[in-house]
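Visitor: Sharing a structure here in structure tokens format.
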Amino acid sequence: MVVSEFEVTTSAWPADTKPLRVVLLSDIHVDDIHMPPERVRSIAARINALNPDVILLAGDYVGGHGLQAGPPEAARTRRSARDNQLHEDGLRVLGDLDAPLGVIAVMGNHDCWWDCVRVREILSQTSLQLLENRAVRLNRAQGDVWIIGIEDGQTQKPDFQRASLDVPQGVATIVLAHNPGLFDWDSNHMPLQLSGHSHAGQVRFPLIGAPVRITRHTEDTADGWTADGERLLIVTRGLGASGLPVRFGAAPQIMVLTIKPGSHSIVKPLN
């Protein structure tokens, strides 16, 4: 597991907005092989020690390998009581995450394949704030930032217009969406999107990259980001695994972003 730090400059933020330190996590995929609840707890302690202003979770908290990786076998009703308890315990451990401006989450496709309703119920018992096509303001003395949480594109109904209804014009915004493919939607005019989902292919080889690419942004964000003019898409490789319980050439990743305003949108690796 690596901690990757980036300096993100966006031309869309007001010039007087002070930098925001964000930890971005995705694709935790709680399972009994690589990501039991005990490991999630240790990862949470490591993340808290990074002293982020805010922690953003981009979905896919529930795991599954083999046939369990997708519907219909992914459904909670088709899994054993032991497996379901494991997932629920892992979801509750996410409540250990802590940051001054909060911990904000969206759903991923695996979460809703398992059971959207149950995920909501469990997360509501923690300090996490789940955003589904709605936004929340991070109140700061030197520039508020709005986090716009979008529903998953495979299992829910993303609605950028609805999600941003309460967001004033000209303010600093971050879109949090599980699937990086939503960056390409005609209704998405947001300047900065943070996502997961791709695992950077999960298995990567020299020269050819990832043999399996679940989104068109698997390759162009393998190093963490891509741009469309002044718009930025940042994608973490995530922490867990799905399908095959293996990672190769795409190490699990905790992403630390220092986001600030500037005249030109760019992402700069710091390590």
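The values are calculated or read from the model by the stated rules, or taken from the named source; none is laboratory data. Since the model is a prediction, treat every value here as computed from it, not as a measurement. Glycine gets a Cβ as well: all are built from the backbone with ideal geometry, and neighbour counts include every protein chain shown.
Residue by residue, here is whether (1) under 25 Å from Asp89 (Cα atoms); (2) touching a Gly at 6+ places or on another chain (Cβ under 9 Å); (3) among the aliphatic types (A, V, I, L, M) holds:
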position	(1), (2), (3)
Val117	yes, no, yes
Arg120	yes, no, no
Leu130	yes, yes, yes
Arg134	no, yes, no
Gln142	no, no, no
Gly153	no, yes, no
Pro158	no, no, no
Gln161	no, no, no
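Visitor: For the subset of the stretch 27-86 comprising residues that are of a type in the set (D, E, K, R) and under 15 Å from the mean Cα position of the chain (by Cα), which member is surrounded by the most Cβ atoms within 10 Å (Cβ to Cβ)?
Guide: First, the residues of the stretch 27-86 that are of a type in the set (D, E, K, R): 27, 31-32, 38-39, 41, 46, 53, 60, 73, 76, 78-79, 82-83.
Checking which are under 15 Å from the mean Cα position of the chain (by Cα) leaves us with 27, 60.
Working: Asp27: 28, Asp60: 31.
That would be Asp60.
Visitor: Take the conditions hydroxyl-bearing (Ser, Thr, Tyr), at pLDDT 95 or above and either part of a loop (DSSP other than H, G, I, E, B) or within 18 Å of the chain's Cα centre (by Cα) (or both) and apply them to Thr17. Does it pass?
Guide: yes
Visitor: While we're on this one: Looking at Asp60, Asp144, Asp115, which is the one that is modelled with pLDDT of 95 or more and within 20 Å of Arg41 (Cα to Cα)? Give the derivation first.
Guide: On the way: Asp144 fails: within 20 Å of Arg41 (Cα to Cα); Asp115 fails: within 20 Å of Arg41 (Cα to Cα).
Result: Asp60 is the single residue among Asp60, Asp144, Asp115 that is modelled with pLDDT of 95 or more and within 20 Å of Arg41 (Cα to Cα).
Visitor: Next up: Assuming Leu67 fulfils every condition listed in (1) out of contact with any strand residue (DSSP E or B) (no Cβ under 8 Å at 6 or more places or on another chain); (2) in a loop (DSSP other than H, G, I, E, B) apart from one, which condition is it?
Guide: Single failed check for Leu67: (2).
Visitor: Answer with yes or no whether Ala222 is closer than 29 Å to His34 by Cβ and in contact with a Pro (Cβ under 9 Å, 6 or more places away or on another chain).
Guide: no
Visitor: Which of the residues belonging to the stretch 76-118 are closer than 20 Å to Glu38 by Cβ and among the aliphatic types (A, V, I, L, M)?
Guide: If the condition is that a residue be closer than 20 Å to Glu38 by Cβ and among the aliphatic types (A, V, I, L, M), then Ala81, Leu86, Leu91, Val93, Leu94, Leu97, Val103 are the ones that fit.
Visitor: Return the total of residues in the stretch 113-138 being assigned to a strand (DSSP E or B) and either of a type outside the set (Lys, Arg) or over 17 Å from Ile174 (Cα atoms) (or both).
Guide: Number of matching residues: 5.
Visitor: Is there any pair linking a residue in the stretch 213-228 that is within 15 Å of Leu194 (Cβ to Cβ) to one that is part of a loop (DSSP other than H, G, I, E, B) and of a type in the set (Ser, Thr, Tyr), with Cβ under 6 Å and at least six apart or on different chains, and which?
Guide: Pairs found: Thr215/Ser198.
Visitor: Shifting gears a bit: Of Leu244, Leu194, which residue is touching a residue at least 60 places away in the same chain (Cβ under 8 Å) and more than 30 Å from Ala49 (Cβ to Cβ)?
Guide: Leu244
Visitor: Being without any contact (Cβ under 8 Å) to a residue 40 or more places away in the chain and under 19 Å from Lys260 (Cβ atoms) is the filter; apply it to the stretch 145-175 and report the residue that is farthest from the chain's Cα centre (by Cα).
Guide: Ranking the qualifying residues of the stretch 145-175, first place goes to Trp146.
Visitor: Under the condition of being of a type in the set (A, V, I, L, M) and under 16 Å from Thr10 (Cα atoms), which residue from the stretch 213-255 is surrounded by the most Cβ atoms within 10 Å (Cβ to Cβ)?
Guide: Checked the stretch 213-255; the qualifying residue surrounded by the most Cβ atoms within 10 Å (Cβ to Cβ) is Val235.
Visitor: Please go through the stretch 178-189 and pick out each residue that is surrounded by fewer than 24 Cβ atoms within 10 Å (Cβ to Cβ), in a loop (DSSP other than H, G, I, E, B) and not hydroxyl-bearing (Ser, Thr, Tyr).
Guide: Trp185, Asp186, Asn188, His189, listed by residue number.
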